[in-house]
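Working notes, beginning with the structure itself.
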Amino acid sequence: MDAAKAIAAGVYYEGELWNMIFSRHDKIDAISPVKALPTLMIPTLPATGSEMNPCAVLSNRKLGKKSYVWGNCLYPKVSIIDPELTLTLPAYQTACAAADTISHVLEIYLNGEADSDLQHYFQEGVMRTVMDNIGKVLTDPLNLSARSHLQWAATCAINGWASPGDAWTPIHQIGHVLTMRHGVAHGASLVIMMPP
């Protein structure tokens, strides 16, 4: 989904395509895209929320970087969210997806606006939903009800509803480095970082 977003924006982007990527987390060095082809998203992994947000995460093996691009033009025009498409996910990828969903709201919960009760309750609800359902799915991979809860939690975790403004996301920032330098799966890198 993220590659599709970058390609859709790249069609109209002027100059070097990597210039739209925020490739340094300590300074703003990107020029976000302002126009993109319309996209349709069909998630098969309940994790990234890319089906309902204006962001894409991309890797550049040549530069050894994994980072993100965002812009209002990257919002998908249509999304088909069907948890049946996640029924064949291996247990490891399912667990990594759950960690990604939790991390999306945990980082905002810890580093966002303090006076935002509604968003905090929403964030807590997303995390509880994942914790209540991940064990059910790992025990019974065909549990469509639990898969549905995981899918909806992932979509809602990073679509903006849970965020009371900008928040620093150190777990994801370091996780991106672990993924690029050591080949660690994204969700696993977040699990490594959460306790510290």
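Go through region 8-30 and report how many residues are assigned to a loop (DSSP other than H, G, I, E, B) and modelled with pLDDT of 90 or more.
4
Among the residues that make up region 35-48, is at least one of them at pLDDT 95 or above, assigned to a strand (DSSP E or B) and either over 15 Å from A4 (Cα atoms) or of a type outside the set (K, R) (or both)?
Scanning region 35-48, I find at least one residue that is at pLDDT 95 or above, assigned to a strand (DSSP E or B) and either over 15 Å from A4 (Cα atoms) or of a type outside the set (K, R) (or both), so the answer is yes.
Restricting to region 165-196, give me the number of residues that are of a type in the set (A, V, I, L, M, F, W, C) and in contact with an Asp or Glu (Cβ under 7 Å, 6 or more places away or on another chain).
Looking only at that region, the number is 3.
I'm trying to understand the selection: among the residues of region 57-76, which are assigned to a loop (DSSP other than H, G, I, E, B), surrounded by 15 or more Cβ atoms within 10 Å (Cβ to Cβ) and not small (G, A, S)?
Y75, P76
Can you tell me which residues in region 7-23 are closer than 14 Å to V57 by Cβ and open to solvent by less than 20 Å² (accessible area, probe 1.4 Å)?
Residues satisfying the conditions are A9, M20, I21, F22.
Of all residues in region 77-101, how many are surrounded by fewer than 18 Cβ atoms within 10 Å (Cβ to Cβ), β-branched (V, I, T) and free of Cβ contacts under 8 Å to residues at least 60 places away in the same chain?
3
Out of curiosity, is G49 under 14 Å from the mean Cα position of the chain (by Cα), surrounded by 16 or more Cβ atoms within 10 Å (Cβ to Cβ) and of a type in the set (G, A, S)?
Judged against the criteria, G49 is a match.
Going by what's in this entry, would P54 be described as under 15 Å from the mean Cα position of the chain (by Cα), without any contact (Cβ under 8 Å) to a residue 24 or more places away in the chain and open to solvent by less than 70 Å² (accessible area, probe 1.4 Å)?
yes
Quick one: count up the residues across region 162-196 that are outside any helix (DSSP H, G or I), more than 15 Å from Y109 (Cβ to Cβ) and open to solvent by less than 60 Å² (accessible area, probe 1.4 Å).
2
The values are calculated or read from the model by the stated rules, or taken from the named source; none is laboratory data. Owing to the predicted nature of the structure, the values given are computational and were not obtained by experimental measurement. Every residue, glycine among them, receives a Cβ derived from its backbone with ideal geometry; neighbour counts consider all protein chains shown. With ligands, DNA and RNA removed, areas are computed over all heavy atoms of the protein, side chains included. Shrake-Rupley method; radii C 1.70, N 1.55, O 1.52, S 1.80 Å.
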